[in-house]
Amino acid sequence: MPVACATKSFRGPTGGAEHFIVIQAPPGPGLEAQISCVEHRYAEARVALGLSPESAVFRRIYLSDAPNQAARLRDSRLVHDADCGPVAVSIVQQPPLPGSKLALLAYHLEDSDRLEDVGPVRKQQLAPNHLLVEKNGTRHLWSTGLCTGATNEPTSTASQTREVFTGLTDALSGLGGTLRDNCVRTWIYVKDVDVFYRDMVDSRTALFRQHGMTRDSHYLASTGIEGSCAHRYDTVLMDACSNLDLAPGQVSYLNDFDHLCATKDYNVTFERGTRIGYADRSHHFISGTASIDNSGHVLHPGDVLRQLGRALENVDALLRSGGACLADMTHLVTYLRDPSDCARVDACLRERFPNLPVLILRGAVCRPDWLIEVEGIGVAKADSPHLPRF
């Protein structure tokens, strides 16, 4: 059975290589066969890239029906593989399109082969939801699957938002960090986003204020999109990545006010994108980006392809504000409200980005008029010897 697989790598002169792998199971066969297909193709991709199992840092697995599939998935090598050591694993219900039961986004990190670089990559599982990765004197915290685990009775979205952020802030505090100063990126999945999104946003805004983040400071790069975990009554699920050792001047925020307004202009609290600079590269965390203009209005209502074009134009503008461009994207995750749009969107993306790892998922955006949203991570070359090495 054919399995869709694409990879993209960045190799820096001092910080080692980063690899992004996207694999999608073939539509048709049952869950067991699809898991087996992805496991096999993932192993082949690692061999082709020359990666050791221990280089795995992060995996996000997208499922079509998490309550019925997650338990079986947790028994697979995609979640638990002793050869890989600890890995930050996220499991999200967001059906892969056009019709698979699961898809995989994986991130691998290699040591630098330069003798003068500091030590190997070290991974430590601090708790079931938190993986600490140390490289070249910098600590990175990957937090995945943060939810309340609500299975017996419903609780409010506002209280769930507070609880998942408490899980993150407690982990950061235990490492001497804070949400404001060290968290770089969050992914927030909201069940039935048309109903519960505003409650999540309002709760997050209040929580940010408590942690010193306001309209006059900064927020976090983020995606807020429809998705869920396997627990029946959970309405909020979150992943996050943080850097515990950021240096002055290392962080900047991506904006282009000719293309997009600030999110605070329509009472939402996230950054359009965050740039983290290193000596030989820069990471550009692009938040969920849709077809919006510089006044906050939805552009091209009802036309998914024109909305895709504007969303990509906005992503390019954000990247260029930080000295990068679309060619620096390592992967692109695309969310569709209406799965019947998949064929046209897929054809457009394949024509425009033939070699880029792309995932198309069913996930409604926070405004019903937005038919599509895109996000991803860009990695660009840099020559900034005054900044820390990656």
Averaging 1/r across every pair of distinct alpha carbons in the chain and inverting yields a Kirkwood hydrodynamic radius, in angstrom, of 21.0 Å
If you wrap the range 291-346's Cα atoms in a convex hull and average its projection over all directions, what's the area in nm²? 4.4 nm²
Specify the residue with the greatest mean-square fluctuation among ASN136, ASN314, ASN243, computed from a Gaussian network of the chain linking alpha-carbon atoms under 10 Å apart. ASN136
How much net charge surrounds ALA71 when only the other residues with a Cβ under 13 Å from the Cβ of ALA71 are counted, with Lys and Arg +1 and Asp and Glu -1? -1
Rg (Å, one decimal) plus Dmax (Å, integer) for the alpha carbons of the range 263-302? 13.6, 44
Could you sort out which of LYS135/LYS191; LYS101/LYS135; LYS123/LYS264; LYS8/LYS264; LYS8/LYS381; LYS264/LYS381 sit more than 25 Å apart by Cα distance in this structure? LYS135/LYS191; LYS101/LYS135; LYS123/LYS264; LYS8/LYS264; LYS264/LYS381
When ASP256, ASP338, ASP369 are ordered from fewest to most other Cβ atoms inside 10 Å of their Cβ, what list results? ASP338, ASP369, ASP256
Ranked from fewest to most other Cβ atoms within 10 Å of their own Cβ, TYR335, TYR278 fall in the order TYR278, TYR335
Over the range 121-246, what per residue volume does the convex hull of the Cα atoms give, in whole Å³? 103 Å³
Take each uninterrupted DSSP H stretch in the chain, measure its Cα extent along the helix axis, and return the ones at 18 Å or beyond whose mean Kyte-Doolittle hydropathy is at least -0.5. 31-49, 157-174, 193-210, 304-321
Angstrom value of the Kirkwood radius, inverse mean 1/r, which spans all Cα pairs in the range 1-118: 14.8 Å
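Readers should treat all values here as calculations from the given coordinates under stated rules, not as data from a laboratory. Keep in mind that what you see is a predicted model, and the values were worked out from it rather than measured. Backbone-built Cβ (ideal geometry, glycine too); neighbour counts: all protein chains shown.
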